[in-house]
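In what follows, a structure is listed as structure tokens, so that the remarks can point back to it.
The values are calculated or read from the model by the stated rules, or taken from the named source; none is laboratory data. Because the structure is a prediction, the values reported are computed rather than measured. Here Cβ is always computed from backbone atoms with ideal geometry, including for glycine, and neighbour counts include all displayed protein chains. Surface areas here come from the heavy atoms of the whole protein model, side chains and all, with no ligands, DNA or RNA. Shrake-Rupley method; radii C 1.70, N 1.55, O 1.52, S 1.80 Å.
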Amino acid sequence: MTRRTAPFIGPQGEELSIARRWHIRRWIVGAIALAAVLWFVSIFVFSDRIRWERVGEYLFYEHILNGVVATIWISLAATVLGLVLGVLFAIMKLAKNPVLKWIAEAYIWFFRGTPVLVQLIFWFNLALLLPYITLKIPFTSIGMRWDTNSLISGDTAAILGLGLNLSAYFAETVRAGIMAVDRGQTEAAKAGGMTSSQTMRIIVLPQALKIIIPPTANEFISMLKTTSLIVVVAGNDLMTNASNIYKQNNLVIELLIVCSIWYMFMTAIATYLQSLLEKRFGADRVRAIRGTSIGQRMLDAATGAIRLPVRNGGKGAR
Amino acid sequence: MSESNSLLVQAKGVRKSFGTHEVLKGIDFQVHKGEVSVIVGPSGSGKSTFLRAMNGLELIDAGSLIVDGEQVGYSLSDGRYREWGDGDWAKFRSRIGMVFQRFNLYAHFDALENVAASLIHVKKLSKAKARERAREQLDRVGLADHSHKRPHQLSGGQQQRVAIARALAMDPDLMLFDEPTSALDPELVDEVLETMKALAEGGMTMVVVTHEVGFAREVGDSLAFFDEGIVMEKDEPELLLKTENPRVRSFLDRVR
Ligand SMILES: Nc1ncnc2c1ncn2[C@@H]1O[C@H](COP(=O)(O)OP(=O)(O)OP(=O)(O)O)[C@@H](O)[C@H]1O
Ligand SMILES: [Mg+2]
């Protein structure tokens, strides 16, 4: 609120000043709140149980830095996998072919219906189900065969689990994006002699992606943090590496602080990049379709904060 | 040339329902090559549905609809009508241009790309050739200077002329117009009508749904009055405009 600065003019043309109001209650409430926060922060900062010098020491420890790099690329890979498969399943769900539609719906139902933590552990243990993965041309002996355990590392399991899960949520966003493209343009393309797949590829998808891409930044930001779940399948990410260290030296809180600082730093950078993306694609459009992020909900579901995957009432339609 | 050879559109007893609502109740309609057929009629009388049936954006339930030599949606082989696939539809539609009330330009393309899109992807012209042809078509509708503008940077009248250029670029045998000026501000109507008149005078076969009776009188070869899913009257424009039919009269008096 800005305050009036111009004085009032009295009946004789004289200036009448304004008595400022002090808002005593605001000051009191503010002071109490500040005291509470300071007290809470001081528990951490001045606690003799937290060895801050060790936090500083581990912040740039090689194992931690490697974890940061792994977290970034796992997040990127899982987001890209989620985006690509999400587009594929959205198109399948909108297809006229009932078999494709049914498969897409079953896929989405399955991956949205089971916790991501369960999926992570499942992929990691794929070897129990398929000891070997064989790619072979039927009726010949030409082919390849891999030991599943060597193929599915903690990181691969993480990319698969997080990416496939994201794609199931993302399919809905993509579908909303596709349906947001004006039907008149589809008709014009058909009237102009394009086939259904040309219409989708040349007219609809490019416009739908413009709507879909900005929120993927949001998904990526959530994904950065969701990767901490990888700790259960032991990958090379930040959280796993930190836990490896604190399991040895028992500096649990210190290493969690190190992790938090890095996660916050990555989030800040990603948020800045997102703002550039928003500028590029138009912020209004981005905000219109942004809801709670998918990754956030995956994390909530996995960590037990039970929240049913209800559809947002907003424009996001997911 | 026999009479039926010069028929570009031949509809007999065309029927179409949406659910239980019968929108076309037996349409008989003919368009000869080079003719400009204008359709008027009250809202909901089935004008758009019939126009869209001609290029298969709506499928008819019964009757016969032959457009540009084809029974729309089917080809006759071994005494049976085989349903068209995606490719058959695309090939057929590439011979028929359509202009919509709401322009329906591709929002992510500029004017030139809008016109070139089907040339590249349907006619399989090289990019350079397609752009050259697109530029010619934009020039033809007086928009050579606007080729790099996106639809939202163009006025309604300009958008509609781009849409016309886009349809013309495909060198169609038949052009369908569904109320091409109804979404335009009054001062922009004339630029679109002038473009269409030039097209009519150039010998293009056109079916035009419009309430611009003046256009029908100037360049129309026939004027049809649709009412509740049938062609209530069809005649030369001058004659139909003088009709005694009270229903047609009262409608025409209102739109003029
Ligand atoms: N896809 C559809 N599904 C259901 N009903 C439809 C559909 N398309 C059109 N109709 C109905 O068919 C009737 C005829 O529609 P049509 O658009 O052909 O009328 P029109 O003569 O073009 O009218 P207008 O002058 O308002 O454009 C209307 O009652 C309309 O509600
Ligand atoms: Mg209509």
For chain A, what does the helix formula give at 222 nm: sum of -39500 (n - 2.57) over DSSP H segments with n ≥ 4, over the residue count, nearest 500 deg cm²/dmol?
-21500 deg cm²/dmol
Dipole of the protein assembly as shown, positive direction: furthest Cα of A:Pro115, A:Phe8, A:Leu94, with charges on the beta-carbon:
A:Pro115
In the protein assembly as shown, if every C-alpha pair distance is counted and binned at 10 Å from zero, what percent goes to each bin?
3, 13, 18, 17, 14, 12, 10, 8, 3, 1, 0
For segment A:197-204, just list the computed ³J(HN,Hα) in residue order, Karplus coefficients 6.51, -1.76 and 1.60, θ = phi - 60°, integers in Hz, with x standing in for Gly and Pro.
6, 5, 4, 5, 6, 8, 9, 7
Pull up all non-local amide H partners of B:Met98: gap of 5 or more, or a different chain, and H-to-H distance under 5 Å with H placed in the peptide plane.
B:Leu176
In terms of solvent-accessible area of protein heavy atoms at a 1.4 angstrom probe, what is the ranking of A:Lys136, B:Lys197, B:Lys123, highest value first?
A:Lys136, B:Lys123, B:Lys197
How big is the accessible area of A:Tyr246 in square angstrom, nearest 10, if you roll a 1.4 angstrom probe over the protein chains?
40
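Share of antiparallel DSSP beta bridges in chain B, in percent to the nearest 5? Intermediate values should be presented prior to the final figure.
Values: 25 of 41 bridges.
Percent antiparallel among DSSP bridges in chain B is about 60.
Order A:Leu76, B:Leu125, most accessible first, counting only protein heavy atoms with a 1.4 angstrom probe.
A:Leu76, B:Leu125
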Tell me the accessible surface of A:Phe110 in square angstrom (1.4 angstrom probe, heavy atoms of protein chains only), to the nearest ten.
100
Take the Cα coordinates of segment A:64-175, assign each an equal point scatterer, and use the Debye formula without solvent to give log10 I(q)/I(0) at q = 0.11, 0.20, 0.22 Å⁻¹.
-0.45, -1.09, -1.14
What residues qualify as long-range amide H neighbours of B:Glu58, i.e. H under 5 Å apart, gap of 5 or more or another chain, H built at 1.01 Å from N?
B:Ala53
For segment A:87-92, in residue order, the Karplus 3J(HN,Hα) values (coefficients 6.51, -1.76, 1.60; θ = phi - 60°; whole Hz; Gly and Pro = x) are 4, 4, 6, 5, 5, 4
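Sorted by mean Cβ packing within 10 Å, highest first, what order do the peptides B:245-252, A:159-166 take?
Going from most to least packed, we get A:159-166, B:245-252.
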For segment B:14-25, what does the Karplus curve 6.51 cos²θ - 1.76 cosθ + 1.60, with θ = phi - 60°, yield as ³J(HN,Hα) per residue in whole Hz, taken in order and with x for Gly and Pro?
6, 10, 7, 10, 10, x, 9, 8, 7, 9, 10, 10
Which one of A:Phe139, A:Ile261, A:Pro206 is farthest out on the positive end of the charge dipole of segment A:57-303, using unit charges on Cβ (Lys, Arg +1; Asp, Glu -1) and the Cα centre as origin?
A:Pro206
Across peptide A:173-183, how many C-beta atoms of other chains are within 10 Å of each residue C-beta, on average?
1
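For segment B:1-144, build the convex hull from the C-alpha positions and give me its volume per residue in Å³. If you can, show how the numbers build up before the last one.
Values: hull volume 25.2 nm³, N = 144.
In segment B:1-144, the Cα hull volume divided by residue count equals 175 Å³.
FRET efficiency for A:Ala95 and B:Glu83, Cβ-Cβ distance as r, R0 = 25 Å, nearest 0.05?
Values: r = 18 Å, r/R0 = 0.74.
Between A:Ala95 and B:Glu83 the formula returns 0.85.
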Return the loop-located chymotrypsin sites (Phe, Trp or Tyr not before Pro) in segment A:2-33 (DSSP other than H, G, I, E, B) with at most 13 other Cβ atoms within 10 Å of their own Cβ; answer none if there are none.
A:Trp22
Can you classify segment B:192-256 as rounded, prolate or oblate using the Cα gyration tensor, where a ≥ b ≥ c are the square roots of its eigenvalues, rounded means a/c under 1.5, and otherwise it's prolate if a/b beats b/c and oblate if not?
prolate
Longest segment of chain B lacking GluC sites (Glu not before Pro) that sit in a DSSP loop with at most 11 other Cβ atoms within 10 Å:
B:4-243
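Restricting everything to alpha-carbon atoms, can you work out Rg to Rh for segment A:57-303 with a Kirkwood hydrodynamic radius?
Working: Rg = 20.5 Å, Rh = 19.8 Å.
Dividing the radius of gyration by the Kirkwood radius yields 1.03.
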Between segment A:156-185 and segment A:78-138, what is the separation of their alpha carbon centroids in Å?
12
Note on segment B:1-82: the mean projected area of its alpha-carbon convex hull, in nm², is 6.3
For chain B: rounded, prolate or oblate by the Cα gyration tensor [a/c cutoff 1.5]:
oblate
Given the protein assembly as shown, what percent of its DSSP beta bridges are antiparallel, to the nearest 5?
65
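Rounding to the nearest 20 debye, state how big the charge dipole of chain B is about its Cα centre with +1 on each Lys and Arg Cβ and -1 on each Asp and Glu Cβ.
Details: 33 positive and 39 negative charges, 162 e Å.
My answer is approximately 780 debye.
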Using the crude model of +1 on Lys and Arg Cβ and -1 on Asp and Glu Cβ, and no other charge, please compute the dipole size for the protein assembly as shown relative to its Cα centre, in debye to 20.
1980
Please determine, in degrees from 0 to 90 and to the nearest 10, the orientation of helix A:98-113 with respect to the longest principal axis defined by the Cα atoms of chain A, where the helix direction is its Cα long axis.
50
Keeping all protein chains in the complex and leaving out DNA, RNA and ligands, what accessible area do you get for A:Met264 with a 1.4 Å probe, in Å² to the nearest 10?
140
